[in-house]
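Participant: Below is a structure I'd like to ask you about.
The values are calculated or read from the model by the stated rules, or taken from the named source; none is laboratory data. This structure is a prediction, so every number in the text was calculated from the model and none was measured. Counting neighbours? That spans all protein chains shown, and the Cβs are built from the backbone with ideal geometry, glycine included.
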Amino acid sequence: MVSGIGVDVVNIQRMERLSEHVKSRMFHPRELEEAKMMAEGVQAEFLAGRFAAKEALGKALGTGLAHISLQDIWVERAASGKPELRFKGNVQALVGKRTAMLSISHDNPVAIAMVVLLGAGDATN
């Protein structure tokens, strides 16, 4: 049962203009460490995809990013290379027992992410 769908598009150049301080507020430390290992031009593409995933999750939840810490959402790669959403804190409570499926794509000048939440209800159901 699909309980939420969210899509977001982010301009890659927007990520290039962010200060390190702003990045530290928008991204989980694991995401920033992974980005640092990439070539400079690829970093912005990577971060744009990660931010689009966070926005898409907020849309799928129906809450947007209001009252959600961006540090409580991050993307990790499975052994297969598939991106997977991870959460903690308030975000984990909002997602509850649902499964979050994620797809990220990049095509300069944009990155896009789609999140589909599967399952009924949230942690309170």
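Participant: Counting only residues that are modelled with pLDDT under 95, aliphatic (A, V, I, L, M) and assigned to a strand (DSSP E or B), how many does segment 69-114 have?
Facilitator: Residues flagged as modelled with pLDDT under 95, aliphatic (A, V, I, L, M) and assigned to a strand (DSSP E or B) within segment 69-114 amount to 0.
Participant: Could I ask something else about it? Looking at 35, 48, 53, which is the one that is under 17 Å from residue 113 (Cβ atoms), of a type outside the set (D, E, K, R), part of a helix (DSSP H, G or I) and free of Cβ contacts under 8 Å to residues at least 60 places away in the same chain?
Facilitator: Going through 35, 48, 53 in turn, the sole match is 35.
Participant: Search segment 98-109 for residues that are more than 10 Å from residue 56 (Cβ to Cβ) and pair each with any residue that is of a type in the set (Asp, Glu) and assigned to a loop (DSSP other than H, G, I, E, B) when their beta-carbon atoms are under 9 Å apart and the residues are at least 6 apart or on different chains.
Facilitator: Close Cβ pairs satisfying both conditions: 98/122.
Participant: Does any residue in segment 11-27 that is under 25 Å from residue 105 (Cβ atoms) come within less than 7 Å, Cβ to Cβ, of a residue that is β-branched (Val, Ile, Thr) and at pLDDT 95 or above six or more places away or on a different chain, and which pairs are these?
Facilitator: Cβ pairs passing all conditions: 11/110; 12/110.
Participant: Within the group 20, 84, 76, 34, which residue is under 22 Å from residue 120 (Cα atoms) and surrounded by fewer than 21 Cβ atoms within 10 Å (Cβ to Cβ)?
Facilitator: 84 is the lone residue from the list that is under 22 Å from residue 120 (Cα atoms) and surrounded by fewer than 21 Cβ atoms within 10 Å (Cβ to Cβ).
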